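Asks: Before I ask anything, here is the structure I am working with.
Laboratory data are not the source of any read-out in this text; all were calculated from the coordinates shown. Keep in mind the model is a prediction, meaning the values are calculated, not measured. Counting neighbours? That spans all protein chains shown, and the Cβs are built from the backbone with ideal geometry, glycine included.
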Amino acid sequence: MSKDAEYHTTSQGTSHEERFRGKRILITGGLGFIGSNLAHRLANLGARVLIVDSLIPQYGGNLFNVAGIEDQVQINIADVRDRSSMDYLVQGQDYLFNLAGQVSHLDSMKDPFTDLEINCRSQLSILESCRYNNPDIKVVFASTRQIYGVPDYLPVDERHLVHPTDVNGINKMAGEWYHIVYNNVYGVRAASLRLTNTYGPRMRVCDARQTFLGLWIRLAVQGKELLVYGDGRQVRDLNYVDDVIDALLCIAVDDQANGQVYNLGGDEPINLWRLAQLMIEIAGKGFCRLVPWPEQRKRIDIGDYYGDYRKIHSKLGWRPRISLEEGLRRTLQYYEQYGQHYWEEGPEAEPRAGYPQDLESCQEDSRQLEAGKDHATDHPPG
Ligand SMILES: NC(=O)c1ccc[n+]([C@@H]2O[C@H](COP(=O)([O-])OP(=O)(O)OC[C@H]3O[C@@H](n4cnc5c(N)ncnc54)[C@H](O)[C@@H]3O)[C@@H](O)[C@H]2O)c1
């Protein structure tokens, strides 16, 4: 059992989980947020887990994410862009959870070709590796609600048109459809899960490069100020990571999922101002303030979003189990305890810039951190 087992829930059904005992599982992106939570679950179920992760600096991979299961999983530091590595690594595997990705929307606009390479071209290449080296493997792909763009209606179901607002959304859409085509044409069983905002232990929280949620969690734990863009009325749905792991596992074991795409979604859509307040209430520290939208983020923002997850519920029985309040409580507790593994401590700790294009988003994050500094010891509003 991992040392932070208290942060894990039991899953919805134990019966399908029995099916992973002794199975060989490849997780791309397994040192990242969702991949490492999946690795913990599967290792504890007795699966033979092989993690492939490039640990590209500034992405979500973190070796601490596998603390407690280091001896139960194999880790291969490799890049999914490398076809020959993947040709070898897919061999003999029963399941592939394909989670490696460039996940920053802003970065996809600043450096579109890296996003194209990882989120689009590599997906095709991984599927070719499977086709030629292990056509019996079952592949589950982590797609995103970002492919829908600005919703035409709410809640968004799988029949909604896809019209992404950014390069990341376009490449993820293509990555998803390669999986469906390889299922339909070559019989490499594959399915795709369109995730909405996922949060929980082991997510990258050092800055807002991937998601504002991460930075808010860090700021709440540090008792600082959370900046909310615009009027704060934008609505989002969220899933706690253990619920997402349940969905990935449901899809993996059920062959009626082959060739299908499924939305996830949360039961408690919430506006961002209220979400920030809820985090502060649960953390018992921090505070929040409305600020104007940074232009670069506004241009690719999708407005209000919440997903319709009736398809996966009716076909596979999935639904979210962890309430927002409970999920946030567990998440904040995790970072209270292990935060030092996710950000550098001390007043000088600033978001890290990896390459010149990062500077703009880091400056924006710095504004948030800077704003928090002055008030770090204030009490939360009543
Ligand atoms: N977290 C969310 O809210 C969310 C929402 C929608 C979709 N998704 C999708 O779920 C997947 C996992 O997301 P996450 O939140 O765990 O992100 P993450 O950044 O924490 O994990 C991604 C992992 O992929 C690895 N990686 C990136 N490029 C790689 C490459 N070229 N070769 C090998 N490894 C590489 C990174 O090092 C990282 O460990 C992604 O594909 C993402 O698009 C996540």
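Asks: Using the Kirkwood radius over C-alpha pairs as Rh, can you work out the diffusion coefficient of the chain via Stokes-Einstein at 20 °C, viscosity 1.002 mPa s, in µm² per second?
Replies: For the chosen part, D equals 103 µm²/s.
Asks: Would any residue of region 82-97 have its amide N under 19 Å from a label point 7 Å out along Cα→Cβ of Tyr132? List them or say none.
Replies: 82-93
Asks: Next question, about the same structure. Assuming a viscosity of 0.692 mPa s and a temperature of 37 °C, what translational diffusion coefficient in µm² per second does Stokes-Einstein assign to region 113-164, Rh being the Kirkwood radius over Cα pairs? Working shown, then result.
Replies: On the way: Rh = 13.2 Å.
Estimated via Stokes-Einstein, D reaches 248 µm²/s.
Asks: Under a point-charge model restricted to the Cβ atoms of Lys and Arg (+1) and Asp and Glu (-1), what is the dipole moment magnitude of the chain relative to its Cα centre, in debye to the nearest 20? Could you put the intermediate results ahead of the total?
Replies: Working: 41 positive and 52 negative charges, 167 e Å.
Dipole about the Cα centre, nearest 20: 800 debye.
Asks: With angles folded into 0 to 90 degrees, how steeply does helix 358-373 sit against the dominant principal axis of the chain? Use alpha carbons for both and round to 10.
Replies: Value to nearest ten degrees: 50.
Asks: From the cross-link list Lys138/Lys298; Lys138/Lys172; Lys172/Lys285; Lys224/Lys298; Lys110/Lys224, which pairs have alpha carbons spaced over 27 Å apart?
Replies: Too far apart for the 27 Å limit: Lys138/Lys298; Lys172/Lys285; Lys110/Lys224.
Asks: Return the long-range amide H neighbours of Lys138 (sequence gap of 5 or more, or a different chain), with a cut-off of under 5 Å between placed amide H atoms.
Replies: Excluding prolines and chain starts, which carry no amide H, the hits are Tyr95, Leu96.
Asks: When the dipole is taken about the Cα centre of region 99-138, and only Lys, Arg (+1) and Asp, Glu (-1) are charged at their Cβ, what size is it in debye, to the nearest 20?
Replies: Numbers: 4 positive and 6 negative charges, 25 e Å.
Dipole magnitude for region 99-138 comes out near 120 debye.
Asks: Okay, moving on. For the chain, what does the helix formula give at 222 nm: sum of -39500 (n - 2.57) over DSSP H segments with n ≥ 4, over the residue count, nearest 500 deg cm²/dmol? Can you show the working numbers first?
Replies: Values: 14 runs with 144 residues, N = 382.
Value at 222 nm, helices only, nearest 500: -11000 deg cm²/dmol.
Asks: Compute the separation of the alpha-carbon centres of region 42-94 and region 108-144 and state it in Å as a whole number.
Replies: Between the Cα centre of region 42-94 and that of region 108-144, the gap is 15 Å.
Asks: So for the pair Leu63, Gln91, with labels modelled 7 Å out along Cα→Cβ, what separation do we get in nm?
Replies: According to this spin-label approximation, the distance is 2.8 nm.
Asks: Right, here's the next one. What is the helix-to-structure angle for 324-338, meaning the angle in degrees between its Cα long axis and the longest Cα principal axis of the chain, kept from 0 to 90 and rounded to the nearest 10?
Replies: 80 degrees
Asks: Contour minus end-to-end for Leu290 and Asn271, with contour as 0.36 nm per residue of separation and end-to-end as the Cα-Cα distance?
Replies: Gain on extension, Leu290 to Asn271, equals 5.6 nm.
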